[in-house]
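Colleague: Structure incoming, see below.
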Amino acid sequence: DKKGRPILWLRCNRMPWFPDAEAQVNSYILLSDEGIKCMPPGVTDFVVLADSNSPPPPNPQFMLNILSALVKGYPDRLHELISCPVGTIIQSVMKLLLPLMPTRLASKIILISPEDTKEKLAGILLNGEDDIPTFMGGSCDHDKFYPTEGSFPDKELKFDYDGMRSRLEESIKAYHK
């Protein structure tokens with residue numbers, strides 16, 4: 001983002017939604033830990049940016065597990081969890097969940113409407129509107145890193161961990177220029 005914080009992107013429509021929500025959350029914990037390791041000096045927190053309007057709607061157990069992981073493992077590391085564009089399903093679920101969360105965490109969850117997505121993301125992302133991905137109405141093609149042919153044939157997820165790490169390192173260098 002504009003302050004040098006790593007961004008963990010969640011793309012709900014690309015998730016396999018296995019019944020094992022714990023395994024999915026553990027994979028995000030691994031990615032979050034990697035992002036924390038790559039933080040530039042002086043940066044202590046990260047941003048989660050979720051494309052939450054894409055079907056299928058998130059598994060309720062996944063949402064509960066991810067919120068629990070954030071509360072227990074990253075209460076001071078999470079800067080914001082930004083969900084956009086937020087459809088009515090997510091709005092309804094979050095109205096139920098937000099009052100159950102610690103105030104410190106609930107205040108970090110930002111729900112952005114479809115109408116405000118481009119403007120708000122442009123204010124967050126390092127290169128403004130140029131960094132808004134196509135799946136959120138922008139021009140930045142994230143699919144070149146994770147093409148759709150990897151969309152879970154036989155429930156196998158393709159992920160380029162080394163590529164993610166090198167892109168994090170490149171982003172840090174670009175931030176310091």
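Colleague: When you go through Lys2, Lys118 one by one, which is the residue that is closer than 17 Å to Ile132 by Cβ, modelled with pLDDT of 85 or more and not in a helix (DSSP H, G or I)?
Modeller: Criteria check complete, one pass: Lys2.
Colleague: If you don't mind, there's one more thing I want to ask. Quick one: in segment 100-115, which of the residues that are part of a loop (DSSP other than H, G, I, E, B) and among the small types (Gly, Ala, Ser) is most open to solvent (accessible area, probe 1.4 Å)?
Modeller: To start, the set of residues in segment 100-115 that are part of a loop (DSSP other than H, G, I, E, B) comprises 101-102, 107-108, 112-113.
If we keep only those that are among the small types (Gly, Ala, Ser) as well, we get 107, 113.
Working: Ser107: 82, Ser113: 31 Å².
Result: Ser107.
Colleague: Among the residues that make up segment 132-142, is at least one of them within 20 Å of Glu34 (Cβ to Cβ), modelled with pLDDT of 60 or more and assigned to a loop (DSSP other than H, G, I, E, B)?
Modeller: So far as segment 132-142 goes, no, none of its residues is within 20 Å of Glu34 (Cβ to Cβ), modelled with pLDDT of 60 or more and assigned to a loop (DSSP other than H, G, I, E, B).
Colleague: Name the residues in segment 69-86 that are at pLDDT 80 or above and either within 19 Å of Glu169 (Cβ to Cβ) or open to solvent by 40 Å² or more (accessible area, probe 1.4 Å) (or both), would you?
Modeller: The answer is Lys72, Gly73, Asp76, Arg77, His79, Glu80.
The values are calculated or read from the model by the stated rules, or taken from the named source; none is laboratory data. For clarity, every value in this text was computed on a predicted model and none was experimentally measured. Quick reminder, even Gly has a Cβ in these numbers, built from the backbone with ideal geometry, and neighbours come from all protein chains shown. What goes into the accessible areas is simple: the full protein's heavy atoms, side chains included, and nothing from ligands, DNA or RNA. Shrake-Rupley method; radii C 1.70, N 1.55, O 1.52, S 1.80 Å.
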